[in-house]
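**Student:** Quick one: the structure is below, questions incoming.
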Amino acid sequence: MSTELPITTPDFKELGLIDPIMRAISDAGYTTPTPIQLKAIPQVLGGGDLMGAAQTGTGKTAGFTLPILQLLTQKQAAGSTVGRPRCLMLTPTRELAAQIEESVKTYGKYLPLKSMVIFGGVNINPQTSRLKKPLDILVATPGRLLDHVGQRNVDLSGVEILVLDEADRMLDMGFIRDIKKILALLPKHRQNLLFSATFSDEIKSLADGLLHNPGFVEVARRNTASELVEQTVHLVSQSHKRDLMSHLIKHHDWKQVLIFTRTKHGANRLAEKLVKDNIQAAAIHGNKSQGARTKALAQF
């Protein structure tokens, strides 16, 4: 006769997070951590470097944000310092930077830590003013961060924890030189966390120079598409692509669709075609103002 052990669902309470963070998690309506959170949070709390293989949608932002908030709170001695962050989170895009800083605010709502986000495409002056106030966590895109460094608005000599999120996208977008400039401004002794969906030779080289005896967490097979995504291919001539896209959306009654195009001009033309066919659509790309990009995302 055999007895089966009951299957227990993991809980955030098991991860050793402090009460103010647990309250914020509860307020946000979360009870069960995702696989990467289960694996990453204890390792980050342990203070070591970490390499994470994770795609978007796996919950990795909370996987590094929650333990970082705890580490900074537990080690906080003299309080926040003006323009001198203790944690730097680097991301490739404005939207991702804003999303991460929103998570920092959500999970850190009961903590005395101060955070801000800086990215290009918007007026630099409000950011400069904010950097003159106490700061613990800075979320930034590389280019705008270096603008502020050049104007001596920010001092990176006090960074205790560095996060490189979506490192593969940062390299794809040509940020490797900016990243190396930023790394040269940081103190040698710090905790480093690198997250990437894929691991090219360039990513491995960056990790080798950045991480020291890192832990490794992986929640999806390397260099593969998400198994949750069904993929189909339609072979069609260039001239019929927009008509087919409109037909597919109407035929399947898709309510929310994200379409990637090769060019900015192509994005504009497709959005115009869909709107003409009575399908609500908006284009988002680098030539759009930040206000237009934010509005399109909010509508989506």
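The values are calculated or read from the model by the stated rules, or taken from the named source; none is laboratory data. Computed from a prediction, not measured in an experiment: that's the story for all the values here. Note that each Cβ is placed from the backbone with ideal geometry, even for glycine, and that neighbours are counted across all protein chains shown. Surface accessibility is based on the protein's heavy atoms, side chains included, excluding ligands, DNA and RNA. Shrake-Rupley method; radii C 1.70, N 1.55, O 1.52, S 1.80 Å.
**Student:** What are the residue pairs meeting all of these: first residue in the range 150-161, first residue over 12 Å from L131 (Cα atoms) and touching a residue at least 12 places away in the same chain (Cβ under 8 Å), second residue hydroxyl-bearing (S, T, Y) and open to solvent by 60 Å² or more (accessible area, probe 1.4 Å), Cβ atoms under 7 Å, and 6 or more apart or on different chains?
**Tutor:** G158/T81
**Student:** Please tell me if G46 is among the small types (G, A, S) and open to solvent by 10 Å² or more (accessible area, probe 1.4 Å).
**Tutor:** On the way: among the small types (G, A, S): yes; open to solvent by 10 Å² or more (accessible area, probe 1.4 Å): yes.
Answer is yes for this residue.
**Student:** Same structure, new question: For residues that are without any contact (Cβ under 8 Å) to a residue 24 or more places away in the chain and closer than 30 Å to T58 by Cβ, tally how many sit in the range 227-257.
**Tutor:** Total satisfying the criteria: 14.
**Student:** Could we say that T65 is closer than 25 Å to T198 by Cβ, among the β-branched types (V, I, T) and part of a helix (DSSP H, G or I) here?
**Tutor:** It is true that T65 is closer than 25 Å to T198 by Cβ, among the β-branched types (V, I, T) and part of a helix (DSSP H, G or I).
**Student:** For the condition surrounded by fewer than 21 Cβ atoms within 10 Å (Cβ to Cβ) and farther than 22 Å from G143 by Cβ, what is the one hit in K75, K60?
**Tutor:** That would be K75, the only listed residue that is surrounded by fewer than 21 Cβ atoms within 10 Å (Cβ to Cβ) and farther than 22 Å from G143 by Cβ.
**Student:** Looking at the range 48-58, is at least one residue in a loop (DSSP other than H, G, I, E, B) and at pLDDT 90 or above? Step through it out loud before you land on a result.
**Tutor:** Going through the range 48-58, the residues in a loop (DSSP other than H, G, I, E, B) turn out to be 48-49, 54-58.
Applying the additional criterion that residues be at pLDDT 90 or above yields 48-49.
Yes: the range 48-58 contains one or more residues that are in a loop (DSSP other than H, G, I, E, B) and at pLDDT 90 or above.
**Student:** Just give me the residues in the range 254-270 being surrounded by 10 or more Cβ atoms within 10 Å (Cβ to Cβ) and not polar (S, T, N, Q), in sequence order. Before you say what the answer is, go through the steps one by one.
**Tutor:** Here is the first cut: in the range 254-270, the ones surrounded by 10 or more Cβ atoms within 10 Å (Cβ to Cβ) are 254, 257, 259, 261, 264-270.
W254, V257, I259, K264, H265, G266, A267, R269, L270 - these are the residues of the range 254-270 that are surrounded by 10 or more Cβ atoms within 10 Å (Cβ to Cβ) and not polar (S, T, N, Q).
**Student:** Select from the range 127-164 the residues that are farther than 29 Å from I21 by Cα and out of contact with any Lys or Arg (no Cβ under 7 Å at 6 or more places or on another chain) and list them in ascending order.
**Tutor:** T128, G143, R144, D147, H148, V149, G150, Q151, R152, N153
**Student:** Now for a separate question. Which of the residues belonging to the range 94-116 are closer than 21 Å to E166 by Cα, crowded, with 18+ Cβ neighbours inside 10 Å and in contact with a Leu (Cβ under 8 Å, 6 or more places away or on another chain)?
**Tutor:** Matches in the range 94-116: V104, Y107, S115, M116.
**Student:** On to the next question. How about the range 22-39: which of its residues are in a helix (DSSP H, G or I) and without any contact (Cβ under 8 Å) to a residue 40 or more places away in the chain?
**Tutor:** M22, S26, Q37, L38
**Student:** Here's something else I'd like to know. Within the range 69-93, which residues are in contact with a Leu (Cβ under 8 Å, 6 or more places away or on another chain), β-branched (V, I, T) and either assigned to a helix (DSSP H, G or I) or modelled with pLDDT of 90 or more (or both)? Spell out how you get there, then give the answer.
**Tutor:** We begin by selecting, within the range 69-93, every residue in contact with a Leu (Cβ under 8 Å, 6 or more places away or on another chain); these are 69-73, 76, 80-90.
Among the residues that remain, those that are also β-branched (V, I, T) are: 73, 81-82.
Scanning the range 69-93 gives a single hit, T73.
**Student:** Let me ask something additional. Please specify each residue of the range 274-285 satisfying the condition of being open to solvent by less than 50 Å² (accessible area, probe 1.4 Å) and either without any contact (Cβ under 8 Å) to a residue 24 or more places away in the chain or part of a helix (DSSP H, G or I) (or both).
**Tutor:** L274, A281, A283, H285
**Student:** Exactly one of (1) β-branched (V, I, T); (2) part of a loop (DSSP other than H, G, I, E, B); (3) touching a residue at least 60 places away in the same chain (Cβ under 8 Å) is unmet by V217. Its number?
**Tutor:** (2)
**Student:** Here's a follow-up. For a quick check of your reading: which helices (runs of 4 or more DSSP H) sit entirely within the range 140-187 and have at least 2 residues that are farther than 25 Å from F199 by Cβ?
**Tutor:** 142-150
**Student:** Specify which of the listed residues (Q191, Q127) is closer than 30 Å to K288 by Cα and not small (G, A, S). Explain how you work it out, then say what you get.
**Tutor:** On the way: Q191 fails: closer than 30 Å to K288 by Cα.
The match here is Q127.
**Student:** Conditions: (1) closer than 30 Å to L162 by Cβ; (2) modelled with pLDDT of 90 or more. L297 meets all but one. Number of the miss?
**Tutor:** With (1) closer than 30 Å to L162 by Cβ; (2) modelled with pLDDT of 90 or more applied to L297, the lone miss is (2).
**Student:** Sticking with this one: For the range 194-208, which positions are surrounded by 13 or more Cβ atoms within 10 Å (Cβ to Cβ), farther than 16 Å from T56 by Cα and out of contact with any Ser or Thr (no Cβ under 6 Å at 6 or more places or on another chain)? Before you say what the answer is, go through the steps one by one.
**Tutor:** As a first pass, look at the range 194-208 and keep what is surrounded by 13 or more Cβ atoms within 10 Å (Cβ to Cβ): 194-200, 202-203, 206-207.
The next check asks that each one be farther than 16 Å from T56 by Cα; those that pass are 200, 202-203, 206-207.
Matches in the range 194-208: S200, E202, L206, A207.
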